[in-house]
Amino acid sequence: MTQNPAATPLLACRGVEKRFGPVIANKDINLEVFPGEILAILGENGAGKSTLMSIIAGRYRPDAGSIEINGKASLFVSPAKALSLGVGMVYQRFMLMDTLTVAENILLAADACGRSVSLRAIKKEINLLANRYGLEIDADRQAGSLSMGERQRAEILKLLVQSARLLIFDEPTAVLAPPDVERFFQVVSRLKEDGCGIIFITHKLEEVLKIADRIAILRKGRIITQTTLDRVSSKRDLARLMVGREVVLRVDKPTIATKDTVLEVCGLTGPKGSMQPAFTDISFNVCRGEILSIIGVAGNGQASLCKTINAQTTGQNGTIQFLGNSFDAATWATRRQSEIAYVPEDRHHAGSVAGMDLAENFLLTRLEQSGNSFWLQHARMESDIQTAVQEYSIVTHSSRTLAGQLSGGNLQKLILARELAKNPALFIAEQPTQGLDISATEEVWQAILAQRQFSAVLLFTGDLKEALSLSDRIAVMFSGRIIEIINAGDADSVGRIGLLMAGAGG
Amino acid sequence: MIDDIVFISQITIKSSIGVLLAAIGEIFAERSGILNLGVEGMMLVGALTGAAIGLAGGPPLLALGGGMLAGALLAMLHAFFSITLRADQTLSGLAIAILGGGLSNFLGRPIIGEVGIRLKAFPLPYLSDIPVIGEIFFNQSVLVYLAYLIIPFASYVLFHTRTGLKIRAVGDDAVSADVIGINVTAIRYCCTIFGGILAGLGGCYLSLAYTPGWKENMTAGQGWIAIAMVIFSLWSPYRAVLGALLFGGLTALQFFFQATGIEVIPVYILLMLPYLLTIGVLILVMHLKKGGKDGKSPRCLGVPFHREG
Amino acid sequence: MRLRLEKRYTKPQNEQLLIAVISFGLALLVGSIIFLIYGANPFLAYGVMFQGAFGSSLGFTEVIVKAIPLMLTGLAVAIAATMLLWNIGCEGQFVFGALGATWAALYLTPDWPSYSVLPALIICGAAAGMLWALIPAILKAHFQVSEILTTLLLNYVAIIIMDHLYFGPWRDPDGMGFPGSALFPDAAALPRFFDSRIHLGLFLAIAATIVLHILLRHSKWGFRIRVIGKGPMAAQYAGMKVNREIIRVMLISGALAGLAGMSEVAGIHLRLQEGLSVGYGYDGIIVACLAGFRPKMVPIFALVLGGLIIGGEQLQSSMHLPASIVQVLEGALLLGFLASEALLRFRLRIITSSSPSPSTNNA
């Protein structure tokens, strides 16, 4: 292994802590990275990985703890300062200025680090580094016209031109096409040979096994496990480490006989107007009495598919059958919005209105169902919300509380209660427990399971544990297609889901 | 006939300079991501300051400097509210417009109609002797020549210098710019203040050269038209010239009809045309944008920047 | 060490009161500076203003007279702002309201029975204001053209149209060349009350306030408007038809501003003439802001601004100071409003580079 205990670590975090108001994003973080070492950071969404990386890269300042670079305590006040000390980050959302060329982007970065170089000199440097690490790119192209792979190469060059020694990647392969992924790995190993330290955040176990030397697993803002890769024998091992020991279902899931088919999607491609369809040839059906999960790593087309099925965007091709009525992809969008219960991913902006009170939020999508009266029925709104608050044990002072003041879990329960109050034939939930704590997660799960009795449930999730706990069937999505639909009872097949999500085929 | 065309062309240029200067200033502010709706107020304050200094016997340069400083001060106020306090840029700009209008009306009351400095046409040697063109372009006030210089300068700075690169970076993607270490706040302040300086200069042009002397609300909406012309220009100084000339041309037609007594179009319709034309131009730009041709509006325009943590 | 703004996670109590106090404090401060520059004693000047506005019953009734159009334009701005539309064009819609009323009074109703004249005036005034607001509404809903610029530019156009009318086709034939329309017939004058210039417009404005308040708070339509304004993404998610509401709200806004113009011309001037458009539309923006865009608060701040305007007039007549100080105070009030709002959203914190920041608060 490359790790040498005697060497000075490139980076050492000591007791780093970060809060956003009342929310603790990171606590007690102790982490070291040595030259020539690749560290993989794993963890669920909202575990605090990105925040931690942003702290190391100087974008956020820690509330407590210290960071040492090459053994010297450093306080980064800005990303530029961090970069001039050799620490650079490639963010998940690439930070290139689209309207400028690659060379101009890199020039500005150099300029901000206090190096005044000419555009010509920068281009020379770019070419030199590009040849050395296999990062070929046309420096005169506008960043906005680059493919994802090219953008990433430009980002890496941006750091290397500043002689970065520690490179941080936030889900570097999430948006890359397979050949670019391969290429990225080659670049990373060359950087490693040159003695750079690499940190990368990922969800894909395959990659961890392939290139990482060491892993750190974050949960709820803390590092729960740090281990070297030689102690991990298989993907299954790794999966267990990542999800926690309780892969066993903790939710009581009685079997229910499935009833009539509520939704049948056939050959759906979309959305309309996009050059490259986000999802292609999607076919599945959901019956009353079952939960179908559509699972996949973020960026594989689920979000877009969810929007089209919710009739918020229009599809290009394909048909949708809803309760026996057939719609083509275009007409669906105008017809069905009010009859579908839908818990959206963004509960703070889409699912609720932060500046309005609970009773009003409870009415948000139920306006049509609440009768023909021109007026709001305040008394009924009040009793509705009271019932919901009790039924779903939402913790709040009163129905006059603003939705923005609820905790994430309580807000999600409110949205769930509202959507289920529609008594829908089809219930769609999108990442329903993202960022929620254990108890809220359990409650949300119970509610979704219970709804199976009355509705067909379609669950979009990136969380394998959630899919396994709730679903009757699991459809795995990768790069816009449903790769396979797996029966949750089929233990052998279930084991392969993680691999399918990572696009690792059979 | 030729004489008429020369007359109209000359006045077209004369009438477009105020809007043009303000528009170029606003291009800088908006390129950096700050929507400054206070241009009208800054122009008024600039016009009053210039006129007042001139009236008090100050030399023309001092009058110009004073006018620009007044515009800059109001712009600084807008910058403080919209950048530091992250207030709503629409409301802050409106407040500046109202405040500037009020200040100029209040403080300018005693000097209404009095004329101190009159920057007369200054024919450039040799150049003004060129037939037709010389009369149109080079028999103008010094401030017009200054505008001739400012246009290419502004375009050069914006598109061919490192400073311009940074300005565009901050306006298009403040978060990315911040991540690589560009000082978003400083650049936005500078651009907003530069916008105020040019708006003040545009005001000075009105009160020292175009229609010398101070008159209440003498800008008559030119500040607002400048803002609309910025959208029309797709944030490029050269195209702003085109917009300003359109405005100037309509104004020149009014003069022409008045001077000659011909009334092809009723005067009140002519008076409305600059405003209606500006609205038409806005529709056109938006329509093109809808058709897929993306108007290159700075992507962070009007969005306050704040790095958490 | 440096200064930073940090997000507040708790709201201070008495928010609205704080905003008002800070805004006025700042405005008075700015005003004082301007008075000093002008060479006037600010205390004396403010004293005169206050005395003029609230010191006598005559002054106070005039304050109410001013507050009538301010209430209506304030409501017009507030209802549009409720769904994040900036109607800066109240001035133009005000002018059109006046034009509509003038047309009704002089050309439509002269032969009508007297009881039908006032309703016709009111309807025509509101309709004309709506018409003028319809243009930016359509441009916004269908071409995404910023309503800020279009409404504003249309103000200039409206004023030019009005000038043209009373200088030209509508000029009083018996007016001896005086620019202005003929005097309204008696039946077309809004009745006045309390032995003062307070006219029927007051009750229209109060009624509009109540109706708007009830609609916004208690109707499903108002609910939709509020959702669109406070959570545009949520409105999309809930399937609300935003474009349709843009048009509706702009029409209502235009109607209110039109009513203001109607009541001003039929209640005070009784003819179309110069001095009708004195910026009530712009003042409405300030009224609406200070009222936090809530209709029920609009009358209070309309009175305050009305007081300011009367005070300014008093200043002009007794101290010979330009009444445009009012405009300065208005601009400063708006800035004060923005500053106090910022201070309520964020807290100022001094950061020293050596110590990590302490925790904010746990609420």
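What the table shows:
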read-out	value
Some residue of the stretch A:12-19 being of a type in the set (V, I, T), over 30 Å from A:G408 (Cβ atoms) and either modelled with pLDDT of 85 or more or not assigned by TED's automatic domain parsing to the domain that holds A:E193 (or both)	no
Count - residues of the stretch C:15-44 that are among the hydroxyl-bearing types (S, T, Y) and within 22 Å of the chain's Cα centre (by Cα)	1
Condition broken by B:A226, with the remaining ones in (1) aliphatic (A, V, I, L, M); (2) farther than 30 Å from A:G21 by Cα; (3) part of a loop (DSSP other than H, G, I, E, B) satisfied	(3)
Only one of A:S54, A:S66 that is within 12 Å of another protein chain (Cβ to nearest Cβ), out of contact with any Asp or Glu (no Cβ under 8 Å at 6 or more places or on another chain), assigned to a strand (DSSP E or B) and of a type in the set (G, A, S)	A:S66
Residue within the stretch A:391-405 that is within 12 Å of chain C (Cβ to nearest Cβ), among the polar types (S, T, N, Q) and more than 26 Å from A:I340 (Cβ to Cβ) present	yes
Scan of the stretch A:446-468 for residues that are in a helix (DSSP H, G or I) and over 19 Å from the mean Cα position of the chain (by Cα), ordered by number	A:Q446, A:A447, A:I448, A:L449, A:A450, A:Q451
Spans of strands (runs of 3 or more DSSP E) in the stretch A:288-387 with at least 1 residues facing chain C (nearest Cβ under 9 Å)	A:340-343
Residue in the stretch B:184-203 that is more than 12 Å from chain A (Cβ to nearest Cβ), assigned to a loop (DSSP other than H, G, I, E, B) and of a type in the set (G, A, S) present	no
Test: residue in the stretch A:288-309 that is in the same structural domain as A:T396 (by TED's automatic domain parsing), crowded, with 19+ Cβ neighbours inside 10 Å and free of Cβ contacts under 8 Å to residues at least 12 places away in the same chain	no
Odd one out for A:E155, checked against (1) at pLDDT 85 or above; (2) out of contact with any strand residue (DSSP E or B) (no Cβ under 8 Å at 6 or more places or on another chain)	(2)
Failed item, numbered, when B:N183 is tested on (1) without any contact (Cβ under 8 Å) to a residue 40 or more places away in the chain; (2) closer than 10 Å to B:A47 by Cβ	(2)
The stretch A:458-468: number of residues that are out of contact with any Asp or Glu (no Cβ under 7 Å at 6 or more places or on another chain) and within 20 Å of A:I340 (Cα to Cα)	3
Filter result for B:I5 (under 27 Å from B:L149 (Cβ atoms), among the β-branched types (V, I, T) and modelled with pLDDT under 90)	yes
Residue match in the stretch A:117-137 (condition: aliphatic (A, V, I, L, M) and at the interface with another protein chain (Cβ under 8 Å from one of its Cβ atoms))	no
Identity of the residue in the stretch C:298-341, closer than 15 Å to C:V21 by Cβ and without any contact (Cβ under 8 Å) to a residue 12 or more places away in the chain, that ends up farthest from the other protein chains (Cβ to nearest Cβ)	C:I300
Where A:S84 falls short, out of the listed (1) more than 11 Å from chain B (Cβ to nearest Cβ); (2) touching a residue at least 60 places away in the same chain (Cβ under 8 Å)	(1)
Close pairs (7 angstrom Cβ cut-off, 6 or more residues apart or separate chains): in the same structural domain as A:F460 (by TED's automatic domain parsing) in the stretch A:325-354, modelled with pLDDT under 85 and among the charged types (D, E, K, R) anywhere	A:F327/A:R335; A:S338/A:E368; A:A341/A:K422
Identity of the residue in the stretch B:78-104, surrounded by fewer than 22 Cβ atoms within 10 Å (Cβ to Cβ) and assigned to a helix (DSSP H, G or I), that ends up farthest from the other protein chains (Cβ to nearest Cβ)	B:F80
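So that you can scan it fast, the table gives a plain yes or no per residue for (1) part of a helix (DSSP H, G or I); (2) surrounded by fewer than 23 Cβ atoms within 10 Å (Cβ to Cβ); (3) within 14 Å of chain B (Cβ to nearest Cβ):
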{"site": "C:L26", "(1), (2), (3)": "yes, yes, yes"}
{"site": "C:V30", "(1), (2), (3)": "yes, yes, yes"}
{"site": "C:Y46", "(1), (2), (3)": "yes, yes, no"}
{"site": "C:A67", "(1), (2), (3)": "yes, no, no"}
{"site": "C:M71", "(1), (2), (3)": "yes, no, no"}
{"site": "C:L75", "(1), (2), (3)": "yes, no, no"}
{"site": "C:I79", "(1), (2), (3)": "yes, no, no"}
{"site": "C:L84", "(1), (2), (3)": "no, yes, yes"}
{"site": "C:E91", "(1), (2), (3)": "yes, no, yes"}
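The values are calculated or read from the model by the stated rules, or taken from the named source; none is laboratory data. Since the model is a prediction, treat every value here as computed from it, not as a measurement. Here Cβ is always computed from backbone atoms with ideal geometry, including for glycine, and neighbour counts include all displayed protein chains.
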